[in-house]
Amino acid sequence: MKNPRDFFASRVGIIVVGLVLGGLAATLQWKGNPGNMGICMACFTRDIAGALGLHRAGVVQYLRPEIPACCLGAFLAALAFREFRPRTGSAPVVRFVLGMFAMIGALVFLGCPWRAVLRLAGGDANAILGIVGLAVGIAIGVQFLKMGFSLGRSYPTRTLAGLAMPFVMVVLLLLAIFYPQFGAEGKAALFRSTKGPGALAAPIVLSILVGLIIGFLAQRTRFCTVGGIRDVVLMRDFHLLSGVAAFLVAAFVMNLIYRQFHAGFEGQPAAHNTHWLNFAGMRLAGLSFTLAGGCPGRQVFLCGEGDGDAAVFVFGMLTGAAVAHNFVMVGAAANAAYIVVIGLIVVGVIGFMGREKLALAR
Amino acid sequence: MAETVDARGLSCPQPVILTRTALQKTSGGEVIVVVDTMTQVHNCTRAAEKLGWQASYADKGEAFELTLRK
C-alpha cells in the first residue's frame, strides 16, 4: 500500500507548474505569437482547421505546432510515468458534439479558457466578461453533475486505439515543420495566412519546445482551467485553481517585463467588446467543457494518455472551428447571437438527458 | 465489510463526487474506491483528506484500489 504523494500532485507542484506555463505563454507571444495568444487551445485548433482547408477565413490559417507538441509532451510524460492507458467508450458522439459547441462558444468570445486568462494578464478587460461567463457555465455544469450527469464509463482498449491520436499529432507536427503544398498555393492545402493573426507566429523550434514542455508538465499536474473553477464550486477545493492563478500571475508579470500589457476594453488584439456575447460565448464553452470533464488543454493532454474519448472531443473542436467560421458565428459576427442560444439549448438538453437515475450527490 | 465505490472509467469529477457521497454517509471506518488512473487516485485522495480521512492505494494492474480510513 502506498501513500499517494508526489511533487506534481502537491499544491506547490501545481503552483510552480502554473508559473512556468504562464511565463512560457507570455514568452511565445513576445517571440511572435498573436497578441494575448501565447497559447490558445481554441484559436490554435481553429488555425489548424484553416491550414487544412476546413474553413475559408484567410487570416486564421496556420498549422500551429503547439497543439500537436502539447499532446506529444503529454504522451511522453504518460509513457515515462507509466500512465499511458488506452481507454474509450464513454459516449464518444456526445463528446464530439460537446467539443463542437465548446469550440463555437469559445470562438464567440475569441479564446479558450487559457486565452481568457492570458487576455486578462495582458490587460484586456473584455476577458472579465468571458471569465464570468465561463464560471457561470461551469456552475451550471456542476449542477448537472450533482444531479447525476454522466457520459458513462470508458473501458480499457487496445494499445492501437490509444496510439491513434498521438500518431495523428505526429503527422500534424511533421506537416507543421515541412509545410508541404498539395497544389497551387492559396488554392490547396496547406493554407497559410499572409496577414492577420494567422500570419503571426513564434519561431517554430520554440513553439514545439514550449508545446512539449507544457504538455509534459500539464500531464503530470493535471493542470485544468475548467477544473480549477469547477472544484471550487463543487467542493471548495482550490488545488487546481491555485495553478490557474499562478498561470495568470506569471503571464501578467512577464507581460509587464516584455512591455505587452495594455489595459482597457478598446483596441485589444483579437477581441471584441460586445459584452453579452463575450459572456454568453464562454458560458456555453464552460458548460460544454464541464460536461466533457475538462478544459480544451486537458482534453489534448488526455489524448496523450491514450484517452480515445478526449480524442473524439478534440476532433469535435476541430469541426466546431470550421463550422463557426463557415457559418459566420465567430466573435461578434452576425450569427453569433443565435448560436450561443442554440448551443445552450442543445448542451442543456445533453445535461438533462445525461442524468443518471441515482442522485450521485446531495 | 467496507463499502466499495467503483469509479473506474468515469470522467472528472465524477469519481470525486462518488467518493464524497460515500464518505459523507458514514462517520468513520473504511471505504474502498476503485479507479483506473493515477489522476483519480490523487483527486479522490485530496477530496477524502479534506473530509478528514486518510488514504493509501495499491496498484492492481488494470485498476487502483484506494483505501480510505477514518
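Table for the structure above
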{"quantity": "FRET efficiency, 1/(1 + (r/R0)^6) with R0 35 Å, evaluated for residue B:51 and residue A:338 via beta carbons", "calculated": "0.20"}
{"quantity": "Rh (Kirkwood; distinct C-alpha pairs) - region A:130-192, Å", "calculated": "16.3"}
{"quantity": "Charge tally in the Cβ shell below 13 Å around residue A:66, where Lys, Arg are +1 and Asp, Glu are -1, residue A:66 excluded", "calculated": "+3"}
{"quantity": "Relative contact order [Cα under 8 Å, 6+ residues apart], chain A, whole percent", "calculated": "37"}
{"quantity": "Cross-link reach list, aspartates and glutamates versus residue A:31, counting only Cα pairs under 16 Å and skipping chain neighbours closer than eight places", "calculated": "A:66"}
{"quantity": "Neighbourhood net charge (15 Å Cβ-Cβ; Lys/Arg +1, Asp/Glu -1) for residue A:252", "calculated": "+2"}
{"quantity": "Region A:95-254 pair-distance distribution - Cα-Cα, 5 Å bins, rounded %", "calculated": "2, 7, 10, 16, 19, 18, 14, 10, 5, 2, 0, 0"}
{"quantity": "Of A:146/B:60; B:25/B:60; A:146/B:25, those spanning more than 18 Å from alpha-carbon to alpha-carbon", "calculated": "A:146/B:60; B:25/B:60"}
{"quantity": "Part-to-part distance (alpha-carbon centres) for region A:1-64 and region A:138-179, which is given in Å", "calculated": "16"}
{"quantity": "Degrees separating the helix B:14-24 axis from the principal Cα axis of chain B, which is the longest one", "calculated": "20"}
{"quantity": "Helical segments meeting 24 Å axial Cα length and Kyte-Doolittle 1.6 threshold in chain A (DSSP H)", "calculated": "A:11-30, A:92-109, A:126-146, A:159-178, A:204-221, A:239-257, A:336-353"}
{"quantity": "Region A:93-137-region B:12-70 distance, computed between alpha-carbon centres (Å)", "calculated": "31"}
{"quantity": "Using θ = phi - 60° and Karplus 6.51 cos²θ - 1.76 cosθ + 1.60, couplings along region A:53-65 (whole Hz; Gly, Pro as x)", "calculated": "x, 7, 9, 10, 6, x, 8, 10, 10, 6, 7, 5, x"}
{"quantity": "Efficiency of FRET between residue B:3 and residue A:195 - r from beta-carbon atoms, R0 56 angstrom, step 0.05", "calculated": "0.35"}
{"quantity": "Charge-dipole axis of chain A as Lys and Arg at +1 and Asp and Glu at -1 on Cβ define it, positive-most pick from A:102, A:40, A:62", "calculated": "A:102"}
{"quantity": "Dipole in debye (nearest 20) - chain A, about Cα centre, beta carbon charges: Lys, Arg +1; Asp, Glu -1", "calculated": "560"}
{"quantity": "Anchor residue A:187: aspartates and glutamates whose Cα lies under 18 Å away (excluding residues fewer than 8 positions away in-chain)", "calculated": "A:47"}
{"quantity": "Relative contact order for region B:3-69, counting Cα pairs under 8 Å that sit 6 or more residues apart, in percent", "calculated": "35"}
{"quantity": "Computed P(r) (all Cα pairs; chain A; 10 Å bins; percent)", "calculated": "6, 26, 38, 24, 5, 1, 0"}
{"quantity": "For A:259, B:69, A:119, A:222, order by how many other beta-carbon atoms lie within 10 Å, fewest first", "calculated": "A:259, B:69, A:222, A:119"}
{"quantity": "Charge tally in the Cβ shell below 12 Å around residue A:25, where Lys, Arg are +1 and Asp, Glu are -1, residue A:25 excluded", "calculated": "+2"}
{"quantity": "Per chain A, cysteines lacking a partner by the 4.7 Å Cβ criterion", "calculated": "A:70, A:71, A:112, A:224, A:295, A:303"}
{"quantity": "Förster radius 45 Å - calculated FRET efficiency between residue A:93 and residue A:7, Cβ distance, rounded to 0.05", "calculated": "0.75"}
{"quantity": "Whole-Å semi-axes of the ellipsoid equivalent to region A:214-307 (Cα gyration tensor, √5λ, descending)", "calculated": "25, 19, 14"}
{"quantity": "Hydrodynamic radius by Kirkwood, which averages 1/r over all alpha carbon pairs of region A:15-118, in angstrom", "calculated": "15.4"}
{"quantity": "Sorted by Cβ density within 10 Å, fewest first, the residues A:276, B:53", "calculated": "A:276, B:53"}
{"quantity": "Nearest-ten-degree value, helix B:38-50 long axis tilted from longest Cα axis of chain B", "calculated": "10"}
{"quantity": "Furthest towards positive pole of dipole, A:240, A:294, A:182, structure part the protein assembly as shown, Cβ charges", "calculated": "A:240"}
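Laboratory data are not the source of any read-out in this text; all were calculated from the coordinates shown. None of the values given here were measured: they were computed from a predicted structure. Note: ideal-geometry Cβ built from the backbone for every residue, glycine included; neighbour counts use all protein chains shown.
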